[in-house]
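The structure appears right after this line, and notes come after that.
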Amino acid sequence: MPAVARAAGVGVVAVLLLAGCGGGESKSGDRLARATETTSKPSTSSGTSAASAAERPEIKLPSDLSYAFEWPKTGDEKKDAVLGDTEQFIKAVDMAIADQDPLDKAYRFYSEGTAAAGSQKFIQEFVDYKDRITGTKRFFDAKVKINADGTAGLVYCEDQTKAYNKSLTTGKTDVDAPSSDSYVLYRSLLRTGEQGVWITEKLTSQRGSAECRP
């Protein structure tokens, strides 16, 4: 099954949005319908008018997957836009996993380069095992820096203690006890695209980081 409890990649792009510890193998048959879905809308702090007018893809997520983004508004238009568009990128990857579509246009709208390639590989792992993510993901302690060249650096933590793998064939959820590996530190590099949207180009992760553990 997807290595949701440990880093799945090394180098410029590592694991994206890993769900809980993922116990035994999930194999099974009932593709869970997403009859009750939640639609994710871009943050109102999208920054420029160009970004607000961008033709963003619709993001629909399973009703049993939720998020806690504990990222207070900074008061800086660009920094808040970086946070808002990163939220959309995170959710778009999870939507691609739920839809079992490694080439889904939504996450590719918010990512390019090695970040997009790493996302595709990660999503494909879930497709291969017919799993998706359920539960609640918590993101916190975000730090944004706007660089002199116009790019942005973002560092943030993820708490995966209440996020798990769910089999699309059996409907079974693998629930494991929380551990230090349930906390992940992310570092990303973003730039603005033609529509004014902040696009993630590089992403690295460190599982079990002391910076994120309680």
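Close amide H partners of residue 59, meaning residues 5 or more places away or on another chain with modelled amide H under 5 Å apart, are 40.
Rounded to the nearest 20, the size of the Cβ-charge dipole of the stretch 59-214 about its Cα centre is 100 debye, with Lys and Arg at +1 and Asp and Glu at -1. The label-point distance for residue 213 and residue 194, in a model that sets each label 7 Å from Cα toward Cβ, rounds to 4.7 nm.
Applying a threshold of 26 Å to the alpha-carbon distances of 73/202; 78/162; 79/130; 105/137; 166/202; 79/137 flags 78/162; 79/130; 166/202 as lying beyond it. Solvent-accessible area per residue in the stretch 89-150 equals 41 Å², computed with a 1.4 angstrom probe and all protein chains kept. Amide H to amide H distances under 5 Å link residue 66 with 135, 136, 137, where only residues 5 or more positions off or on other chains count and H is placed in the peptide plane. Computed extension length for residue 146-residue 112: 10.4 nm, one decimal, from 0.36 nm per residue of separation with the Cα-Cα distance subtracted.
Dipole magnitude for the stretch 146-214: computed about the Cα centre from +1 point charges on Lys and Arg Cβ and -1 point charges on Asp and Glu Cβ, it is near 140 debye. Using θ = phi - 60° in the Karplus curve 6.51 cos²θ - 1.76 cosθ + 1.60, the 3J(HN,Hα) couplings for the stretch 171-177 round to x, 6, 9, 8, 9, 10, 5 Hz; x is entered for Gly and Pro.
Of the residues 122, 169, 148, the one whose Cα sits farthest toward the positive end of the charge dipole of the stretch 92-214, with +1 on the Cβ of Lys and Arg and -1 on the Cβ of Asp and Glu, is 148. Per-residue Karplus couplings for the stretch 116-123, computed as 6.51 cos²θ - 1.76 cosθ + 1.60 with θ equal to phi - 60°, are listed in order as 5, 5, x, 5, 4, 5, 5, 4 Hz, Gly and Pro entered as x. In this structure the amide hydrogen of residue 111, modeled in the peptide plane, comes within under 5 Å of the amide hydrogens of 200, none closer than 5 places in sequence on its chain.
Across the stretch 96-101, computed HN-Hα scalar couplings (Karplus, 6.51 cos²θ - 1.76 cosθ + 1.60, θ = phi - 60°) run 4, 5, 5, 7, 6, 10 Hz from first to last residue, x flagging Gly and Pro.
The values are calculated or read from the model by the stated rules, or taken from the named source; none is laboratory data. As the structure is a prediction and not an experimental result, all values here were calculated from the model. So basically every Cβ, Gly included, is an ideal-geometry build from the backbone, and we count neighbours across all protein chains shown. For accessibility, only protein heavy atoms count, side chains too; no ligands or nucleic acids. Shrake-Rupley method; radii C 1.70, N 1.55, O 1.52, S 1.80 Å.
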